[in-house]
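Undergrad: Got a structure for you, written out below as structure tokens; questions coming shortly.
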Amino acid sequence: MKTTQLRQILGQRCQRISPPCCEKQCEAELMNAPATILESVRVLDLSRLAPGPYGSMLLGDMGAEIIIVAGGRGSLPINAYGRGKSVVTLNLKSEEGRSAFHKLAATADVLIEGYRPGVADRLGIGYEDLRSINSRLIYCSVTGYGQDGPLAQEAGHDINYVGMSGMLGAMGPSDAAPVLPLNLVADFAGGGMHAALAIVSALYERERSGRGKYLDVAMVDGCISLMAMHYADWGKPVLPARGQGLLTGEAPFYRCHRCSDGRFVAVGALEPTFFGNLWQGLGLGGPPPDHMSRATWPEIAEEFERAFVARTRDEWAQHFAGKDACVTPVLSPEEVFDHPHNASRHPEASPESVPVLPWASQAAGRGNEEAPKDISDRLLEGLGLGRKEIAAATGGKSAGGQGIAWPPVRE
């Protein structure tokens, strides 16, 4: 690979190597540094709570500098997504605060915001405002419903966006209300992770075009994308209705089973070989039935239920180890990092130090900071502001907000 090609992929990093490297040195330096793949990227994060902060944390795990722009009435970002980030507090409703923010935006590569459509424009920090200051800026808006459409101005949370995508309507038992998979789908997969992917793609495009761009990331859109396989299956034998079909928990070989200690194992024996191994491992007599015929499922379920209650969860997990039957323990959150497999891959991990992206970063052991450090004074001084200007720009306040603070539930 030529040095010029590497520069296109990783920006200007080669130019900062001193003394200038030869082609082989440059290639080795760049290709062996996955922890700093976004080292030269500065991200301004105006988003709050979960989706945007999760996306910016992923970028930070890849080496980007993440600066939270705090202040105003919005909720604070969740602390679990604050690792490696800094905070600058600005009163964006004041002329001084906007001016300071414009100076900061001129130094940035990426901006993430989660305001309702039109709010950023009214504050004077919308994409058109900032593009005139920094033509290379990638501006990513993360919202529930997107920048246009009948629901664009509506308030919502993960449960609403999952519901609007048809995903929630496909989850849970057929004889009860739909079951929400925490807030994992819209907030994190459909929102934060889609935003991070869009931003990284835009950074790559910018190295060829030299221009930034605007990204409209809607969580409903992300959920719809995640449902591509299931829309096609809906109403057919594999997914006839909510609570019915192959992947809903109706199939006895793709569900959780209670064990003698009241805990559960997860069984995912879809393929004939895996199902045969499961059938044999449970000590059930005769040849395995045709498990892809729904007519056999009630009888198989009875056999499995009788078998699994004979041992504890961990006894079954040990029994099926190495048997290719797709049987694993259902771990509670406090058990995850003590499990031998997880502990071997992430020995320093804990609920307070969740692993970073292993394929993009070597920054193992970075904890989730309780609160990102406020660098308002130092950062604004570096932009040329004096003490009076800083006081006017920040409103004399430190990082904070008037929205929901996490966790909101009390005893």
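Undergrad: Can you tell me which residues in the range 377-395 are assigned to a helix (DSSP H, G or I), open to solvent by less than 50 Å² (accessible area, probe 1.4 Å) and touching a Lys or Arg at 6+ places or on another chain (Cβ under 9 Å)?
TA: Hits for the range 377-395 are 380, 393.
Undergrad: Out of the residues in the range 76-93 that are assigned to a loop (DSSP other than H, G, I, E, B) and over 15 Å from the mean Cα position of the chain (by Cα), state the one that is farthest from residue 392 (Cα to Cα).
TA: Filtering the range 76-93 for residues that are assigned to a loop (DSSP other than H, G, I, E, B) and over 15 Å from the mean Cα position of the chain (by Cα), the one farthest from residue 392 (Cα to Cα) comes out as 84.
Undergrad: For the range 130-155, give me the residue count where each residue is open to solvent by 60 Å² or more (accessible area, probe 1.4 Å), more than 24 Å from the chain's Cα centre (by Cα) and without any contact (Cβ under 8 Å) to a residue 60 or more places away in the chain.
TA: Summing the residues that are open to solvent by 60 Å² or more (accessible area, probe 1.4 Å), more than 24 Å from the chain's Cα centre (by Cα) and without any contact (Cβ under 8 Å) to a residue 60 or more places away in the chain in the range 130-155 gives 3.
Undergrad: I'd like to verify a number: residues in the range 221-277 that are under 21 Å from residue 177 (Cβ atoms), among the basic types (Lys, Arg) and either open to solvent by 60 Å² or more (accessible area, probe 1.4 Å) or without any contact (Cβ under 8 Å) to a residue 60 or more places away in the chain (or both), how many?
TA: 1
Undergrad: Return the only residue of 191, 146, 172, 166 being part of a loop (DSSP other than H, G, I, E, B) and touching a strand residue (DSSP E or B) at 6+ places or on another chain (Cβ under 6 Å).
TA: Being part of a loop (DSSP other than H, G, I, E, B) and touching a strand residue (DSSP E or B) at 6+ places or on another chain (Cβ under 6 Å) holds for just one of 191, 146, 172, 166, which is 146.
Undergrad: Further question on the same structure: Suppose we filter the range 278-305 for residues that are open to solvent by 40 Å² or more (accessible area, probe 1.4 Å) and in a helix (DSSP H, G or I); how many remain?
TA: 8
Matching residues to (1) over 32 Å from the mean Cα position of the chain (by Cα); (2) closer than 25 Å to residue 351 by Cβ:
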residue: 272; (1), (2): yes, no
residue: 275; (1), (2): yes, no
residue: 299; (1), (2): yes, no
residue: 306; (1), (2): yes, no
residue: 325; (1), (2): no, no
residue: 330; (1), (2): no, yes
residue: 336; (1), (2): no, yes
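Undergrad: Among the residues of the range 49-73, how many are crowded, with 24+ Cβ neighbours inside 10 Å, in contact with a Ser or Thr (Cβ under 6 Å, 6 or more places away or on another chain) and farther than 13 Å from residue 84 by Cα?
TA: Total meeting the criteria: 2.
Undergrad: Of the residues in the range 347-395, how many are within 30 Å of residue 99 (Cβ to Cβ), modelled with pLDDT under 85 and of a type in the set (Asp, Glu)?
TA: Count: 1.
Undergrad: Give the residues of the range 101-126 that are open to solvent by 30 Å² or more (accessible area, probe 1.4 Å) and in contact (Cβ under 8 Å) with a residue 60 or more places away in the chain, sorted by residue number.
TA: 103, 107, 114, 115
Undergrad: Right, here's the next one. Where the second residue is assigned to a loop (DSSP other than H, G, I, E, B) and of a type in the set (D, E, K, R) and the first is at negative phi and lies in the range 184-211, which pairs have Cβ atoms under 8 Å and are six or more apart or on separate chains?
TA: 202/213; 203/109; 205/213; 206/136; 206/213; 211/136
Undergrad: Taking residue 322 and the conditions (1) open to solvent by 30 Å² or more (accessible area, probe 1.4 Å); (2) at pLDDT 90 or above; (3) under 30 Å from residue 103 (Cβ atoms), which numbered condition does it fall short on, given that it satisfies the others?
TA: With (1) open to solvent by 30 Å² or more (accessible area, probe 1.4 Å); (2) at pLDDT 90 or above; (3) under 30 Å from residue 103 (Cβ atoms) applied to residue 322, the lone miss is (3).
Undergrad: Which of the numbered conditions does residue 270 fail, given that it passes all the others? Conditions: (1) farther than 25 Å from residue 239 by Cβ; (2) part of a loop (DSSP other than H, G, I, E, B).
TA: So the condition that residue 270 fails would be (1).
Undergrad: I'd like the full set of residues that are over 26 Å from residue 59 (Cα atoms) and of a type in the set (Gly, Ala, Ser), limited to the range 306-361.
TA: 307, 310, 317, 321, 322, 325, 332
The values are calculated or read from the model by the stated rules, or taken from the named source; none is laboratory data. Bear in mind the structure is a predicted one, so any value in this text is a computation, not a measurement. Note that we place each Cβ from the backbone using ideal geometry, even for glycine, and neighbour counts take in every protein chain shown. Accessible surface is based on the protein model in full, side chains and every heavy atom, while ligands, DNA and RNA are left aside. Shrake-Rupley method; radii C 1.70, N 1.55, O 1.52, S 1.80 Å.
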